[in-house]
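We did not get these values from a lab; they are worked out from the coordinates using the rules stated. Everything quoted here is computed from the prediction, not taken from an experiment. Because the Cβ atoms are built from the backbone with ideal geometry, glycine has one as well, and the counts that use them run over all protein chains shown.
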Amino acid sequence: MSDTLSRSWSRVGGVLPSLEEIDHNVYRTVAFGFPLLTLVIITGAVWAQYVWQRWWSWDPKETASLVTWLIYAGYLHGRRQRNWTGRSSAIFAVVGFLAVLFTFAGVNFLNSAHAYGMPQAAAGGGSRVLAGFADVARPEALITSAFFLAYMVSFLLGLAAALWRTPGLLKFSVGLAALGLLGNTVVLIMRTLAAGRFSFTAGYDFSLWFVWGITLCALVATLRGQPLALLASLPLALMVAMYGYLYFADKSQSALVPALQNKFWLHLHVSLAILAYGALALAAGWGVIYLVKQAFQRRRSGSAAQAA
């Protein structure tokens, strides 16, 4: 049994890119996402000034966004000035994305003006916590289930392709992810048409956009020479998709509150957030892969030392 696990562990570590290449992927992905994250904060402040006549109010989501920005700013500064590479870089990427997730999901449990509402079930005695697609048309529910399944199978095929070094299977995995992204896009279009506007404002809708942004960034990275980008990021996309499905029991469309009715700032601010979060998710995925690869190398070095 231990020999089988050792061979599997060796196979996993052996198919991953070099630590230097993974580290470079972490850095250039953060370097792409950070300016977008900066614009998210700037456009949010301008929008707040337009709506509430104040640039900043230290709302929990604003504060969480600032903390997230400081983490990535600290990483980039350390990278340039103190040569924070390797393990430090990977850990920063993972911690930074945990801050992104708190900004998206954690503030929903706090008294924030920006929080997506608590599940409708919470106000109704818990009867709708797992309501599934109760408020969703059947065609949309079927397409949503299909693209979620496509993402899941794409990840499993990508993992198998990496383990057994089969380029054809990897291409099929990428094609399946692209098909899943198409289904994801169709669902977003359907919800946009149903709402008569981009469906950015509800928690369930934004979780779908979040998943779309992660997968889009991963597919672009794959086409630009990072063949394991989907393997790095699809688990995070699936996690966000499950959060959106399980947490937001009410998946119906609702009218915009007055603060959200300026569609220019709404569309600009949220579109930037989708792309920034997608890129930073990919960086976190690469960070996890770096830590896995490094653990493999340390295990191999330890085994070699014992054998000697």
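What nm value, rounded to one decimal, do you get for the distance between Glu20 and Arg299 when each label is placed 7 Å out toward the C-beta?
2.5
Using a Förster distance of 22 angstrom, determine the FRET efficiency expected from the C-beta separation of Leu193 and Leu142, and round it to 0.05.
Efficiency computed from Cβ-Cβ geometry: 0.85.
Given points 7 Å out from each Cα along the Cα-Cβ axis, report the Leu291 to Trp164 separation in nanometres with one decimal.
Inter-label distance under the simple model: 3.0 nm.
Express in nm, to one decimal, how much length is gained between Leu98 and Phe133 on full extension, taking 0.36 nm for each residue of separation and deducting their alpha carbon distance.
The Leu98-Phe133 span can extend by a further 9.8 nm.
Give the aspartates and glutamates reachable from Lys251 as a straight Cα distance under 17 Å; neighbours fewer than 8 places away on the same chain don't count.
In chain and number order, the partners are Asp135, Glu140, Asp205.
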